[in-house]
1. Pop the C-beta distance of M150 and H302 into the FRET formula with R0 = 51 Å and round what comes out to the nearest 0.05.
2. Name the residues whose placed amide hydrogens come within less than 5 Å of the amide hydrogen of Y307, ignoring near sequence neighbours (fewer than 5 apart) on the same chain.
3. Starting from the Cα gyration tensor of the range 221-323, take the square roots of the eigenvalues, sort them a ≥ b ≥ c, and report rounded, prolate or oblate (rounded when a/c is under 1.5, otherwise prolate if a/b is larger than b/c, else oblate).
4. Rounded to the nearest 0.05, what FRET efficiency do T416 and D110 give with R0 = 60 Å and r taken as the Cβ-Cβ distance? Could you check?
5. Expressed as a rounded percentage, what relative contact order does the chain have, with Cα pairs under 8 Å and six or more residues apart?
6. Gap in Å between the Cα centre of the range 240-301 and the Cα centre of the range 75-120?
7. Go through K17/K169; K299/K420; K7/K92 and tell me which ones have a Cα-Cα distance over 23 Å in this structure.
8. What Rg and what Dmax come out for the chain when only alpha-carbon atoms are used, in angstroms?
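Values in this text are rule-based calculations from the coordinates and carry no lab data. The model shown is predicted, which means the values in this text are computed figures rather than measured ones. Using ideal geometry, Cβ is built from the backbone for each residue, glycine included, and neighbour counts are taken over all protein chains shown.
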Amino acid sequence: MPILKDKLTQQIPALRKEAQALLKENGNTVISEVTIAQAFGGMRGVKGLVCDTSVVDADKGLAVRGIPIGDLADRLPEEIFYLLLSGELPDKAALADFQGELRARAQVPDYIWNVLRAMPEDSHPMTMFSTAVLVLERESVFRRRYAEGMPKDQYWEAALEDSLQLLAKLPTIAAGIYRMHYGKGNPIPSNPALDWGADYAFMLGLPDPDGQFANLMRLYLTLHCDHEGGNVSAFTSHTVGSALSDPYYAVSAGLDGLAGPLHGLANQECLHFVLGTRKKFGGVPTDAQLREYAWNTLKEGHVIPGYGHAVLRITDPRFTAFHKFGERVCAQDDVFRIVDRIFALVPDVLREQGKAKDPWPNVDAISGSLLYHFGLTEFDYYTVLFGVSRALGLTSQLVINRALGTPITRPKSVSTAWIKGAAAGARRAAAA
Ligand code: CMX
């Protein structure tokens, strides 16, 4: 049996027992209350989901299975998937075994390319990417085995197989979309001698004489892997998967959420903002020009992309990891320098404006500038890269949830009239 699957087979009975015991002994313990502001405000801060793959602490940022993301920056994305799922980093043998598992599943069926070629030329790359994942759903082992009466305790195995099939193919599909959509020529076949991230870089077909672009891709795919369970893409994927829709459906849905400008598309928006600045001022603007540009953006009612976060209240450690890479590899690049100046000035502007609870940069504020440096200048493609990486987290969350038998997601919604009644009741109680 493959090493990762074997490890999970050993771990899962204990995880099930732990969850059952927790529920039996503490099922009625209250862990969260909901205010009217939270009900109207995207459930921000309501604790109503369980996710063990990663945790985002407002003051520390992302930790994958307890390890701060900054400490994982030199790891391969394959190692991160292993960690997300099993809670442990693989040793050399386990890593090689897992990479072999991916390689064996890497072939993308021709019908995917036919569907992508038939799409209108102005389809957004994220639409193409999500569509490809959805069309691939006909391969689902989970759906076939469910129809055959698969026992519930085997759901996770079928979800794992679908996840591995998907992860193995995503770089090839994503790189093919890049080449097709931007007229770069035929898709470049995968190179089985390369690791997952380097192979993706290779298939994009950009020049990489010193291997730094491959390094950036590995870092990119590692840093975007997961961000606990409540962000739009993870929660969407979780909800779809909870209906026992298979991982292809769930990941495609998650990617649709990632395509929103307040979520994953912010990286595209961010580079748009940076290049707009460079164009307006004919190069790197002065601090005064940049401050004025930021204020004008806010006055026009736009957000400053790449800044703020629903959970974080610090500079995103993923931003810091990218910043270190940029300082090492392209410190003199104009676009990187503008990003650097924005980082120095915009938090103060946002603080002065006083609206954003978090004035600090998130990962999207910088990732695009590094891709741009290496010639990946088509910024409406950037969210696809994010999606390839985020699929690591989405699928590992799905496998764990199928292993634990997590039931269908169904929070209760209430009407405005009900809330008014509850508010009046609370006022009466306070006055009595
Ligand atoms: N620029 C301008 N205004 C901002 C802002 C920013 N970067 N971030 C927050 N605000 C504003 C909000 O729009 C909101 O204004 P209104 O009260 O007028 O609606 C106010 O500050 C309070 O918002 P908040 O509670 O601080 O932030 P939310 O949790 O509601 O939203 C986020 C979080 C990320 C959507 C928001 O900060 C934002 O729009 N940032 C820019 C887009 C971005 O970078 N998104 C990527 C996030 C990372 C990811 O998911 O990939």
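1. Values: r = 49 Å, r/R0 = 0.96.
My answer for the efficiency is 0.55.
2. N362
3. On the way: a/c = 2.67, a/b = 2.33, b/c = 1.15.
Here the range 221-323 falls in the prolate category.
4. Working: r = 52 Å, r/R0 = 0.86.
Here the calculated transfer efficiency is 0.70.
5. Numbers: 605 pairs, mean separation 96.1, N = 432.
Relative contact order of the chain: 22 percent.
6. Here the two parts' Cα centres lie 27 Å apart.
7. On the way: K17/K169 34 Å; K299/K420 34 Å; K7/K92 15 Å.
Going by Cα-Cα distance, K17/K169; K299/K420 fall outside the 23 Å limit.
8. 22.4, 76
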